[in-house]
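Heads up, the thing below is written out as structure tokens.
The values are calculated or read from the model by the stated rules, or taken from the named source; none is laboratory data. Quantities reported herein were computed from a predicted structural model and do not represent experimental measurements. Here the Cβ positions follow ideal geometry from the backbone for every residue, glycine too, while neighbour counts run over all protein chains shown.
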Amino acid sequence: MSKVREKVLFAFLGIPTAICLGVFFWLASVLLSGFGTIKWNLLTASVLNGGYLEMIVGSAYLLLGAAGIASPVGVLAAIYLVEYAPRGRLTRVIDQAINNLAGVPSIVIGLFGYTFFCRQLGLGISLAAGWFTLSLMMIPIVIRGTEEAVRMVPNAFKEAALALGASKWRTVRSITAPSAAPGIITSILLGIARVAGETAAILFTSCVLVTRGLPKSPFEPVMALAFNLFVKIVALGESPDKVFGIAFILFLMVISLAAAATAFRIYYRRRQPWLK
Amino acid sequence: MVKVDIRQLNVWLKGNHVLKDITLTTKENAVTAIMGPSGCGKTTLLRAINRMNEIIAGCRTTGELYINGRNIYDGETNVYELRRSVGMVFQKPNPLPKSIFENVAFGVKIHKMANGESLASIVERSLKEVALWEEVKERLNDSAFSLSGGQQQRLCIARALAVNPEIILLDEPCSALDPIATAKIEALMRKLAEKYTVIIVTHNVQQAARVSDYVAFLYLGELVEYGPTKHVFENPQSKLTERYLTGEFG
Amino acid sequence: MGFRKRGMSHFLKRLKAEPVEVILFLCASSSIIFLFLMLLFIAKEGAQAFLTFGINFIIGSVWETNLDLYGAFPLIYGSLMVVAGAVVIAVPLGVVTAIFIAEVLPFSFRDLIKSLIELLASVPSIIYGFVGLLFIAPQVARLFGISSGTVALTASIVLAIMSIPTIVGVSGEVIAAVPRDFKDAALALGATKWQTIKSVVIPTAKSGILASIMLGFGRAIGETVAVLMVAGNVALIPTPPWNYLSPVYPLTATIAMQMGEAAVGSLEYSALFGLGMILFIVTFIVNTLADAIVKRESKFRSGVK
């Protein structure tokens, strides 16, 4: 009897999970319903001809540049924290600062990017300013992911190298980093996915509504999917169905990046037997 | 008196055939030791007696296991009532993150067996049974983690005793303890056998010799030998048992 | 003090042995440096607003660009109102989902469902705003018979949907970290699965769950684009103040909407940075508290008490 009651109770507990999944599938179905309305040739057509090319490439430029800054900084920082940092107050403060940086609202990052990168450093509204601003959001994600990956490398591997007389940095380069590489790449992919649809941070720092062609240097402004979607709906008041194409492409891009990161992680966990 | 009667018990864990056709009966008010090298299935056999294997994903059990003449795998047994009457103590002391008092009271509350003053007296009685009362009576509200390892293990035994079990299962209860704490637990096991049926898993041959009345030797999931401890130790029937007892492997 | 000195000299000694450590250390310190720069530059740009209005910048109830009057109270109120609504919706759903996934769902489904919910966390906020505007706002308008669906309630719903993955993710981790030993102890005493969840799992994970809620709250209060698209953006305190069917103007939305028009160096520009300052400080405090809870918890777990 009590078993039956428990089953009923658990069924009730499952309702919120069902709701969450329902929301996910609903969201996916709403956006994927745009699949049919997309004219695929527009993906490679210029914005001036009603296409999406500059937006897609502009978004890609932004993401790749931000990843180019955030990956080395984040990975090296994580290696320091796991392998080198002495236990002490300074390390604790650094650790706390990473969490706090991760928690700064993206609009505040955007404000800072504007006043610091665009104005103080004189980059203006530009691709480069966008890179720096977005990299601030990626760095904590890369650090946390890399830390986890580096911690999972068995101590026995490192001790084997150290016992052979390798220096600490040598051990990191030839043993720790390669063993942790899949985890590091996953965390970079996740970092890219997390900022791929970011709007508030690039709102004042790097984007414009239309450019003639693609930017020729990092000091020119770019177009981006998220920015265009935002401005078209909020500022220009275009009806949502007109911008459905942009929303759909953006959704697809972000979801495939995130799914790729997850798939990559699962694949490599299986191939590296020392990770459970 | 036969207390636990195991017939043709087979257990598979994630597809591995861990226990093969085990048939064995244990006596009431005796200490039965299950020994064997690691990976021989002794813990699985112990956990079959209170059906704790079921909480592991991918576990399948066949055969019959009678306690007081009732097959606990007959599909009608109330597993929660079964686990109340068959207490279990684990390899590593596992107090709950609660106070000393609440740890002992936990099972009593779960089964709504007592509250208020009668609950307090059950806690006191159980702690006295494991000779822990004098050591902790002044600080019943302290965290259970403030106790030493040996005290924690005795607390876990008291927690099992509080719900009036008939059988106590102990899974290598001393492997995480120092020699003095071990000696206390071993003395306690002998005392518990006056009131309860005690079944202990151990990989320590000397311990089996010291505390048990009957001993079962398991090897690769099969029961190799079973009998009164004295007989098995002095005159093992199987070559394998003899080699194990003399420390040739294990 | 002695502790710190030892730490420093230890560091310097290591520095000599391996110079590459300087580079690594600088990378690790970048977070501190940028947090500090952020505080400095946003405070610098926002100073004028605080100096002009004093405490009225925070408690003043008129935010009117045309009059050059900036009292942020209606905006702060709007933010809190939307977030409170979101918390009421998201916390029960999120926490129960986390418990269900970790403790009830069969093993084989766990990873799949966890990955799906993780995927939900990476959907950009502008997409949530877009869907909210397109589908949720009209439903809210129809359901309550109001002319426009871009109101506080809609913003709360959208924000709740966005916060759930954070809450599920973090509290899921905390629940998964409850030691097997504890659960075995309860089950071996004959506790049912539900009794084990209720009297062992939840009490053990309690403060971690609280931290996950705070983290979700911190995220939610800083959320900009999605909220902006569905909140209606009127800088007035609703009448009555608990009326979730009136439009509000959250802090974040105000910054995003007005930055484009504010002339650099103007009072409006400074006021927007002032709002940024408020957000920065609030989220900083919330995150630090959440962290402190998690740290204290892990200390207790390791038996230090």
Residue count for the stretch A:94-110, restricted to those that are more than 7 Å from chain C (Cβ to nearest Cβ) and either at pLDDT below 95 or not in a helix (DSSP H, G or I) (or both): 2
Unique match (being under 27 Å from C:L120 (Cβ atoms) and either modelled with pLDDT under 95 or not assigned by TED's automatic domain parsing to the domain that holds A:L250 (or both)) among A:T17, A:T91: A:T17
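For residues that are polar (S, T, N, Q) and modelled with pLDDT under 85, tally how many sit in the stretch A:47-70. Quick ask: steps written out before the conclusion?
Taking the stretch A:47-70 as the starting set, the residues that turn out to be polar (S, T, N, Q) are A:49, A:59.
Right, trim to modelled with pLDDT under 85 and you get A:49.
Number of matching residues: 1.
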If you take the residues in the stretch B:50-60 that are assigned to a loop (DSSP other than H, G, I, E, B) and at pLDDT 90 or above, which one is nearest to the other protein chains (Cβ to nearest Cβ)? B:N50
Residues of the stretch A:20-40 being part of a helix (DSSP H, G or I) and modelled with pLDDT under 75, which ones? A:G34, A:F35
Name the residue that is nearest to the other protein chains (Cβ to nearest Cβ), counting only residues in the stretch C:253-279 that are of a type outside the set (A, V, I, L, M) and closer than 22 Å to A:F230 by Cβ. C:G276
Residue by residue through the stretch A:207-220, note down the ones that are touching a residue at least 40 places away in the same chain (Cβ under 8 Å) and either within 14 Å of chain C (Cβ to nearest Cβ) or among the hydrophobic types (A, V, I, L, M, F, W, C) (or both). A:C207, A:V208, A:V210, A:L214, A:F219
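Residues are listed down the side, and each one gets a yes or a no for (1) touching a residue at least 40 places away in the same chain (Cβ under 8 Å); (2) out of contact with any strand residue (DSSP E or B) (no Cβ under 8 Å at 6 or more places or on another chain):
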| site | (1), (2) |
| --- | --- |
| B:M1 | no, no |
| B:D5 | yes, no |
| B:H17 | yes, no |
| B:E28 | yes, no |
| B:S38 | yes, yes |
| B:G41 | yes, no |
| B:T44 | no, no |
| B:N53 | yes, no |
| B:I56 | yes, no |
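Within the group C:A231, C:A262, which residue is buried (at least 24 other Cβ atoms within 10 Å of the Cβ) and either in contact (Cβ under 8 Å) with a residue 40 or more places away in the chain or over 23 Å from C:A152 (Cα atoms) (or both)?
On the way: C:A262 fails: buried (at least 24 other Cβ atoms within 10 Å of the Cβ).
None of the others qualify; the one that does is C:A231.
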For C:V62, the lone unmet condition from (1) out of contact with any strand residue (DSSP E or B) (no Cβ under 6 Å at 6 or more places or on another chain); (2) at pLDDT 90 or above; (3) of a type in the set (A, V, I, L, M, F, W, C) is (1)
Would a scan of the stretch C:128-139 turn up a residue that is assigned to a helix (DSSP H, G or I), facing chain A (nearest Cβ under 7 Å), buried (at least 24 other Cβ atoms within 10 Å of the Cβ) and over 18 Å from the mean Cα position of the chain (by Cα)? yes
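Residues are listed down the side, and each one gets a yes or a no for (1) surrounded by 15 or more Cβ atoms within 10 Å (Cβ to Cβ); (2) over 18 Å from the mean Cα position of the chain (by Cα); (3) within 23 Å of B:T43 (Cβ to Cβ); (4) modelled with pLDDT of 95 or more:
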position	(1), (2), (3), (4)
B:A144	yes, yes, no, no
B:G150	yes, no, yes, no
B:P173	yes, no, yes, no
B:I180	no, yes, no, no
B:M189	yes, no, yes, no
B:K195	no, no, no, no
B:A208	yes, no, yes, no
B:F233	yes, yes, yes, no
B:K239	no, yes, no, no
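One line per residue, one yes/no per condition, for (1) within 11 Å of chain A (Cβ to nearest Cβ); (2) touching a Lys or Arg at 6+ places or on another chain (Cβ under 9 Å); (3) within 26 Å of A:L101 (Cβ to Cβ); (4) modelled with pLDDT of 70 or more:
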{"position": "C:M1", "(1), (2), (3), (4)": "yes, no, no, no"}
{"position": "C:K16", "(1), (2), (3), (4)": "no, no, no, no"}
{"position": "C:A28", "(1), (2), (3), (4)": "yes, no, yes, yes"}
{"position": "C:I42", "(1), (2), (3), (4)": "yes, no, yes, yes"}
{"position": "C:A47", "(1), (2), (3), (4)": "no, no, yes, yes"}
Of all residues in the stretch C:140-152 being more than 18 Å from the chain's Cα centre (by Cα) and in a helix (DSSP H, G or I), the one that is surrounded by the most Cβ atoms within 10 Å (Cβ to Cβ): C:V140
Return the residue satisfying two criteria in turn: it lies in the stretch C:153-189 and is surrounded by fewer than 24 Cβ atoms within 10 Å (Cβ to Cβ) and within 7 Å of another protein chain (Cβ to nearest Cβ), and of such residues it is farthest from C:A290 (Cα to Cα). C:L187
If I ask for residues that are in contact with an Asp or Glu (Cβ under 9 Å, 6 or more places away or on another chain), part of a helix (DSSP H, G or I) and either without any contact (Cβ under 8 Å) to a residue 12 or more places away in the chain or buried (at least 19 other Cβ atoms within 10 Å of the Cβ) (or both), which ones from the stretch B:61-100 would you list? B:I100
List the helices (runs of 4 or more DSSP H) that sit entirely inside the stretch B:169-250 and contain at least 2 residues that are within 24 Å of B:V18 (Cα to Cα). B:205-211, B:239-245
Being within 14 Å of chain A (Cβ to nearest Cβ) and in contact with a Lys or Arg (Cβ under 9 Å, 6 or more places away or on another chain) is the filter here; which residues of the stretch C:200-224 pass it? C:V201
As an exercise: evaluate A:T133 against (1) over 17 Å from the mean Cα position of the chain (by Cα); (2) more than 7 Å from chain C (Cβ to nearest Cβ); (3) within 22 Å of A:A224 (Cβ to Cβ) and give the number of the one condition it does not meet. (1)
So how many residues does the stretch C:224-242 have that are assigned to a loop (DSSP other than H, G, I, E, B), within 21 Å of C:L133 (Cβ to Cβ) and of a type outside the set (A, V, I, L, M)? 3
Restricting attention to the stretch C:124-172, report how many residues are closer than 14 Å to C:A220 by Cβ, among the β-branched types (V, I, T) and out of contact with any Lys or Arg (no Cβ under 9 Å at 6 or more places or on another chain). 6
Residues in the stretch C:236-255 that are of a type in the set (A, V, I, L, M) and surrounded by 24 or more Cβ atoms within 10 Å (Cβ to Cβ) total 4
Out of the stretch C:59-80, which residues are surrounded by fewer than 20 Cβ atoms within 10 Å (Cβ to Cβ) and either over 24 Å from the mean Cα position of the chain (by Cα) or on the phi > 0 side of the Ramachandran plot (or both)? C:G60, C:S61, C:V62, C:E64, C:T65, C:N66, C:L67, C:D68, C:L69
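If you take the residues in the stretch A:111-130 that are part of a helix (DSSP H, G or I) and either more than 8 Å from chain C (Cβ to nearest Cβ) or within 13 Å of the chain's Cα centre (by Cα) (or both), which one is surrounded by the most Cβ atoms within 10 Å (Cβ to Cβ)? Steps first, answer last, please.
First pass over the stretch A:111-130, keeping only residues part of a helix (DSSP H, G or I): A:111-120, A:127-130.
Cutting the leftovers down to either more than 8 Å from chain C (Cβ to nearest Cβ) or within 13 Å of the chain's Cα centre (by Cα) (or both) gives us A:113, A:117-118, A:127-130.
Details: A:G113: 30, A:F117: 23, A:C118: 21, A:L127: 24, A:A128: 21, A:A129: 27, A:G130: 32.
Checking each candidate, the answer is A:G130.
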Restricting the stretch A:152-166 to residues that are surrounded by 10 or more Cβ atoms within 10 Å (Cβ to Cβ) and under 15 Å from A:I79 (Cα atoms), which is farthest from the chain's Cα centre (by Cα)? A:K158
